[in-house]
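Undergrad: The structure's right below; bear with me while I get my questions together.
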Amino acid sequence: MKLSGYISIIALILNISIFAAEKPDKKEVIDIINKVNNYWQTNHSDPGNPFWDNAAYHTGNMEAYFVTGNETFRQYSEKWAEQNKWKGATGDDKSQWKYSYGEKPEFVLFGDWQICFQSYIDLYNLAPDPNKIARAREVMEYEMSTPNYDYWWWVDGLYMVMPVMTKLYKVTGNEMYLDKLTEYYTYAKSIMYDPKTKLFYRDARYTYPKHKSVNGKKDFWARGDGWLFAGLAKVLKDLPVDYKNRALFEKQFKAMAKTIIKSQQKEGYWTRSMLDPNHAPGYETSGTAFFTYGLLWGINNGYLKQKTYLPAAMKGWKYLTTTALQPDGKIGYIQPIGDRAIPGQVVDANSTANFGVGAFLLAASEMVRHIDKK
């Protein structure tokens, strides 16, 4: 055998050993999930309303239930759904339904009120009862009956609603959910996408050069692109393998992954402004958790090469479990609710939030699945 052959074999062995050494023990990860989620639920006995921040937590809580089988987790989301009558925004007069930003009952078509349907559908699949998804179907089928296509005008909305469309397709078999998913996503891409970096701006207000980072660079908000990257993973999970537009979503997911790993900090986290670390420097957990989840999902499902992407996923996991995770189970360094990276904003170990805990649980649950693939 030529020397180059021996070198390749040695490199392969080293890579395998590195990957194996970095993989945590499954029990260790399950213990972390239980610690984090028990802390959150103990300190939040009221599971809250169905608006996006609470609902984003529940998307992580349901994944935590799926990998742990901890009935307390499922019961917490069930209590939340029942408390909110399996609805998002509660307005019933369709002539008044709106989809611009709004927190009042009539903003039924605004995606931040629709993310709750993801978990309602998950709970329905565990114990089918048409009442659990009746409102989801009413709202989304009304929305799809309109000629409007600009429902998703901010990048967060792609996480909030894209998976609702694929989940409802799986329940109903109605392909209109998939075709409208493609139509709405295509519009969102037309106003927020940067083809050079393969990333999305938070919304049309932040496109370059209209908006710049403090150093004159393109400003891509980590949590915003994290929402999308995680949302694409969820879409690909449920999208039929033979769906005519599947390649559109696969291509975007893989293209984003390349940029994402290049912008990771050496400590494993992503700064709030992805391509300008000095714009808002320091640890940030929510974007990091979404990226870690998406990378692990892509590896676990054959979309991303382990050799290329696992080191970044493991670095993200190390940050999440050694810096973000506090001794009592609190998840810290979560940037507060907002729509951009804000220079000078304080984000520290005590900065926690429901949606960030949900993102952490997504990443941890996908790590369990990664370990199971040994």
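The values are calculated or read from the model by the stated rules, or taken from the named source; none is laboratory data. Everything numeric in this text was worked out from a predicted model, so none of it was measured. FYI the Cβ positions are ideal-geometry reconstructions off the backbone, even for glycines, and counts take in every protein chain you see.
Undergrad: Quick one: is residue 169 of a type in the set (Phe, Trp, Tyr), closer than 19 Å to residue 235 by Cα and within 19 Å of the chain's Cα centre (by Cα)?
TA: For residue 169, the condition - of a type in the set (Phe, Trp, Tyr), closer than 19 Å to residue 235 by Cα and within 19 Å of the chain's Cα centre (by Cα) - is not met.
Undergrad: Say we look at the range 318-374 and pick out the residues that are at pLDDT 95 or above and of a type in the set (Lys, Arg); which of these is nearest to residue 277 (Cα to Cα)?
TA: Result: 340.
Undergrad: Of all residues being surrounded by 21 or more Cβ atoms within 10 Å (Cβ to Cβ) and in contact with an Asp or Glu (Cβ under 7 Å, 6 or more places away or on another chain) in the range 123-156, which is nearest to residue 108 (Cα to Cα)? Just the residue, please.
TA: Ranking the qualifying residues of the range 123-156, first place goes to 154.
Undergrad: Now for a different question. With the checklist (1) farther than 16 Å from residue 88 by Cα; (2) under 24 Å from the mean Cα position of the chain (by Cα) in hand, flag the one item residue 129 doesn't pass.
TA: The single condition residue 129 does not satisfy is (2).
Undergrad: Of everything in the range 83-120, what is within 21 Å of residue 355 (Cα to Cα) and acidic (Asp, Glu)? Give them in sequence order.
TA: Within the range 83-120, 103, 112 qualify.
Undergrad: Still on this structure, I have one more. Would you confirm whether or not the range 62-70 contains a residue that is within 24 Å of the chain's Cα centre (by Cα), under 20 Å from residue 188 (Cβ atoms) and buried (at least 20 other Cβ atoms within 10 Å of the Cβ)?
TA: No.
Undergrad: Still on this structure, please answer the following. Among 318, 307, 217, which is over 15 Å from the mean Cα position of the chain (by Cα), over 18 Å from residue 365 (Cα atoms) and in a helix (DSSP H, G or I)? Explain how you work it out, then say what you get.
TA: Values: 318 fails: over 18 Å from residue 365 (Cα atoms); 217 fails: in a helix (DSSP H, G or I).
Answer to the selection: 307.
Undergrad: Sticking with this one: Among the residues of the range 329-374, write down those that are more than 19 Å from the chain's Cα centre (by Cα), of a type in the set (D, E, K, R) and not in a loop (DSSP other than H, G, I, E, B).
TA: Within the range 329-374, 372 is the sole residue that qualifies.
Undergrad: Filter the range 198-210 down to residues that are farther than 24 Å from residue 356 by Cβ and over 19 Å from the mean Cα position of the chain (by Cα) and give me whichever is surrounded by the fewest Cβ atoms within 10 Å (Cβ to Cβ).
TA: Of all residues in the range 198-210, those farther than 24 Å from residue 356 by Cβ come to 198, 204, 207-210.
Adding the requirement that they be over 19 Å from the mean Cα position of the chain (by Cα) leaves 204, 207-210.
Working: 204: 14, 207: 17, 208: 16, 209: 7, 210: 9.
Selected residue: 209.
Undergrad: Another question about this same structure. Within the range 256-265, can one find any residue that is of a type in the set (Val, Ile, Thr) and free of Cβ contacts under 8 Å to residues at least 12 places away in the same chain?
TA: no
Undergrad: Here's a follow-up. Taking residue 321 as the residue in question, decide whether it is on the phi < 0 side of the Ramachandran plot, of a type in the set (Ser, Thr, Tyr) and either surrounded by 22 or more Cβ atoms within 10 Å (Cβ to Cβ) or in contact with an Asp or Glu (Cβ under 8 Å, 6 or more places away or on another chain) (or both).
TA: no
Undergrad: Could I ask something else about it? Would it be correct to say that residue 295 is among the hydrophobic types (A, V, I, L, M, F, W, C), at negative phi, in contact with a Phe, Trp or Tyr (Cβ under 6 Å, 6 or more places away or on another chain) and free of Cβ contacts under 8 Å to residues at least 60 places away in the same chain? Steps first, please.
TA: Details: among the hydrophobic types (A, V, I, L, M, F, W, C): yes; at negative phi: yes; in contact with a Phe, Trp or Tyr (Cβ under 6 Å, 6 or more places away or on another chain): yes; free of Cβ contacts under 8 Å to residues at least 60 places away in the same chain: yes.
Here the answer is yes, as residue 295 does meet what is asked.
Undergrad: Oh, and also: Among (1) over 24 Å from residue 121 (Cβ atoms); (2) out of contact with any helix residue (DSSP H, G or I) (no Cβ under 6 Å at 6 or more places or on another chain); (3) among the aliphatic types (A, V, I, L, M); (4) touching a residue at least 12 places away in the same chain (Cβ under 8 Å), where does residue 222 come up short?
TA: Single failed check for residue 222: (2).
Undergrad: Among (1) crowded, with 17+ Cβ neighbours inside 10 Å; (2) of a type in the set (Gly, Ala, Ser); (3) farther than 29 Å from residue 271 by Cα, where does residue 231 come up short?
TA: Every condition holds for residue 231 apart from (3).
Undergrad: Criterion first (outside any helix (DSSP H, G or I), buried (at least 20 other Cβ atoms within 10 Å of the Cβ), in contact with a helix residue (DSSP H, G or I) (Cβ under 9 Å, 6 or more places away or on another chain) and among the aromatic types (Phe, Trp, Tyr)) does residue 117 satisfy it?
TA: Here the answer is no, as residue 117 does not meet what is asked.
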